[in-house]
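Peer 1: Dropping the structure in here first, questions after.
The values are calculated or read from the model by the stated rules, or taken from the named source; none is laboratory data. Remember, it's a predicted structure, so these values are computed and weren't measured experimentally. With ideal geometry, Cβ positions are generated from the backbone for all residues, glycine too; neighbour counts draw on all protein chains shown. Ligands, DNA and RNA are excluded from the accessible area calculation, which covers all protein heavy atoms including side chains. Shrake-Rupley method; radii C 1.70, N 1.55, O 1.52, S 1.80 Å.
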Amino acid sequence: MLWARGLRKEFGDKVAVDDVSFTLNPGELFGFLGPNGAGKTTTIRMLVGLLRPTRGEIQVAGVDLLRQPVEAKRKLGYLPDKPMVHDKLTGREFLRFMAHLYDVRGGVGPNAEEWLQQFDLTDVADNLISTYSHGMKQKIGLIGQLIHEPQVLLLDEPTVGLDPKSARTLRNVLNGLCDRGVTVLISTHQLQTAELMCHRVGIMDRGKIVAIGSVAELQARYHTESNLEDLFLRLTEAAEDHHV
Ligand SMILES: Nc1ncnc2c1ncn2[C@@H]1O[C@H](COP(=O)(O)OP(=O)(O)OP(=O)(O)O)[C@@H](O)[C@H]1O
């Protein structure tokens, strides 16, 4: 479960995130959408404890992130849009490093080899990460975030740079995690992917959540059968025209 109440972030005079609240359930795949500069990354960086909110509260699987940051971060996995991987390690060394970092008993475990295989990385797992493409770095970065079996996983633009097969593998891996009760948040501009994958979406615009729900719920709320792309454009453009 991931819970946020009244999140706000100011950068000087600029309010990047304004009174954002939501509850994501165990096993839920949540799509976090919004135009450029809407405040998605800023919100995510607060949710994973990299940026201190100006105001607001966050709980990760019932643990208060601001009061018990270490315990909360143990329950979190986070893949930024530019993967945080170590170029001077090989893929397998990186996974061992991540297991050590999170104090995983028994080290990397058999799941990692399975993920390496699923993501077509087995043959390059002993090569230096500096030789990997962007998509390969994304994939090894993601596996590194799964080693400690987080209860909440946040992925910023995870499908950028992935080939179609890897994108499908990612969807399968995320669905499998949700089936096991993990809460997954992905931010994306790929609305068709979001419509295909996500149980619910939240649309952010100018620092605020302007709509939240399943695509069917949003269609019912706005009396339309439009797809997510049309709904997204209508809601964010309407906000621009100050009609919402
Ligand atoms: N460190 C910072 N200092 C000042 N302003 C910032 C800082 N980080 C973000 N902002 C501003 O906050 C707003 C939200 O940015 P953010 O990166 O969260 O948007 P986003 O929704 O992730 O956008 P994108 O889809 O383009 O990645 C933007 O106006 C941005 O310029």
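Peer 1: Please find, among 24, 47, the residue that is touching a strand residue (DSSP E or B) at 6+ places or on another chain (Cβ under 8 Å), within 12 Å of the ligand (Cβ to nearest atom) and under 17 Å from residue 183 (Cα atoms).
Peer 2: 47
Peer 1: Scan segment 30-40 and tell me whether some residue there is of a type in the set (D, E, K, R), surrounded by fewer than 22 Cβ atoms within 10 Å (Cβ to Cβ) and near the ligand (Cβ under 9 Å from one of its atoms).
Peer 2: No: zero hits.
Peer 1: May I pose another question? Checking residue 100 against (1) of a type outside the set (A, V, I, L, M, F, W, C); (2) open to solvent by less than 30 Å² (accessible area, probe 1.4 Å); (3) over 18 Å from the mean Cα position of the chain (by Cα); (4) modelled with pLDDT under 95, only one condition comes out false. Which one?
Peer 2: The number of the failed condition is (2).
Peer 1: May I pose another question? Given the structure, is residue 62 buried (at least 19 other Cβ atoms within 10 Å of the Cβ), touching a residue at least 60 places away in the same chain (Cβ under 8 Å) and either on the phi > 0 side of the Ramachandran plot or among the charged types (D, E, K, R) (or both)? I'd like the intermediate steps shown before the answer.
Peer 2: Details: buried (at least 19 other Cβ atoms within 10 Å of the Cβ): no; touching a residue at least 60 places away in the same chain (Cβ under 8 Å): yes; either on the phi > 0 side of the Ramachandran plot or among the charged types (D, E, K, R) (or both): yes.
So residue 62 fails the test.
Peer 1: Read through the list (1) within 15 Å of the ligand (Cβ to nearest atom); (2) within 24 Å of residue 206 (Cβ to Cβ), then give the number of the only condition that residue 82 fails.
Peer 2: (2)
Peer 1: Could you list, in sequence order, all residues of segment 179-206 that are crowded, with 20+ Cβ neighbours inside 10 Å, away from the ligand (no atom under 16 Å from the Cβ) and in a helix (DSSP H, G or I)?
Peer 2: Matches in segment 179-206: 197 only.
Peer 1: For residue 72, which of the numbered conditions (1) surrounded by fewer than 21 Cβ atoms within 10 Å (Cβ to Cβ); (2) without any contact (Cβ under 8 Å) to a residue 24 or more places away in the chain fails to hold?
Peer 2: The one condition residue 72 does not meet is (1).
Peer 1: Scan segment 112-128 for residues that are part of a helix (DSSP H, G or I), open to solvent by 50 Å² or more (accessible area, probe 1.4 Å) and over 19 Å from residue 164 (Cβ atoms) and report the count.
Peer 2: Here is the first cut: in segment 112-128, the residues part of a helix (DSSP H, G or I) are 112-118, 122-124.
From what's left, open to solvent by 50 Å² or more (accessible area, probe 1.4 Å): 113-114, 117-118, 122-123.
From the residues that got through so far, the ones that are over 19 Å from residue 164 (Cβ atoms) too are 113-114, 122-123.
So the answer is 4.
Peer 1: Continuing with the same structure: Take the residues in segment 159-178 that are more than 27 Å from residue 61 (Cα to Cα) and within 16 Å of the ligand (Cβ to nearest atom), then tell me which one is modelled with the highest pLDDT.
Peer 2: The residue in question is 160.
Peer 1: Does residue 17 qualify as being over 13 Å from the mean Cα position of the chain (by Cα), within 15 Å of the ligand (Cβ to nearest atom) and either charged (D, E, K, R) or not in a loop (DSSP other than H, G, I, E, B) (or both)?
Peer 2: Against the criterion (over 13 Å from the mean Cα position of the chain (by Cα), within 15 Å of the ligand (Cβ to nearest atom) and either charged (D, E, K, R) or not in a loop (DSSP other than H, G, I, E, B) (or both)), residue 17 qualifies.
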